[in-house]
Amino acid sequence: MIETKSRNRIAFFAENRTFTDYDVLFEVKGSNFGQSRAKPRWIRVPAASRVHLKTIILFRGKQPVYTKTLKTNDSLSKRALKKEFEALDIPPPKVKPKKQITIYTSKGCDACDSIVRRLNSQNFIFRSVSLDENPEIKEQLGQFLSKSTQEMDSLSSPIISLGGKLYSWITTFDRMMEEVEKE
């Protein structure tokens, strides 16, 4: 519920910051303002949008005193008013994978970029670590994987940690997701 005040008016808006449509019934009662005498009706508020519900006109020189009631209903009625709405830019919810994902990347690694791009586009929660910017992590990973410094400097595929296990042979997003789904 948002109120916007101008010189002699107050406009009420409903903001739906979820991904579900709702019907709302809004009423204002009080004194020192004028409003439509029409009976309140249910108004559709689509997902991720903002809809104007009502405007009251203030009496000159008087302070309005009012109470608002807002009822919401997720079972949508065919009779609800469908007003114009303003779409809100709400980021989609993040997806939590079954196993924690950490990707160790290096410059010039196309497979790394491809996997990170897919994880971002599908809103997965993951951690990306650049080995070029963290030489101490690169050295530790080299010891775990029994690889020399030269081998670590010329990586062409990412090193992926899934739930604490290291994988240096995964080169595609789909293959990584298969490993995530395994128990």
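Rolling a 1.4 Å probe over the protein heavy atoms gives the chain an accessible area of 66 Å² per residue. A straight line joining the Cα centroids of segment 34-64 and segment 107-147 runs 53 Å. Counting Lys and Arg as +1 and Asp and Glu as -1 over every other residue whose Cβ lies under 13 Å from the Cβ of R175, the net charge comes to -2. Can you figure out the FRET efficiency of R127 with T4, using R₀ = 45 Å and their beta-carbon distance, to the nearest 0.05? With R0 = 45 Å, the Cβ-Cβ based efficiency is 0.65. Protection proxy ranking, highest mean first, for peptides 168-174, 94-100, 34-40: 168-174, 94-100, 34-40, where packing is the per-residue count of other beta-carbon atoms within 10 Å, averaged. Only helices enter the 222 nm calculation for the chain: every DSSP H run of n ≥ 4 contributes -39,500 (n - 2.57), and dividing by all residues gives -5500 deg cm²/dmol, rounded to 500.
Using a 1.4 Å probe and counting only protein heavy atoms, arrange I137, I125 so the residue with the most accessible area comes first. Each step should come with its number before you reach the end.
Details: I137 40, I125 85 Å².
Correct descending sequence by accessible area is I125, I137.
Taking a Cβ cut-off of under 15 Å around R7, the surrounding Lys, Arg, Asp and Glu residues balance to a net charge of +3, with basic ones at +1 and acidic ones at -1. Remark: the chain projects, on average over all directions, an area of 16.8 nm² (convex hull of Cα atoms).
Note on A47/S156: beta-carbon distance plugged into 1/(1 + (r/R0)^6) with R0 of 45 Å gives a FRET efficiency of 0.55.
The values are calculated or read from the model by the stated rules, or taken from the named source; none is laboratory data. None of these values were measured; they are calculated from a predicted model. Virtual Cβ from ideal backbone geometry, glycine too; neighbours counted across all protein chains shown. Ligands, DNA and RNA are stripped out before the accessible areas are found, and what is left, the full protein with its side chains, is counted by its heavy atoms. Shrake-Rupley method; radii C 1.70, N 1.55, O 1.52, S 1.80 Å.
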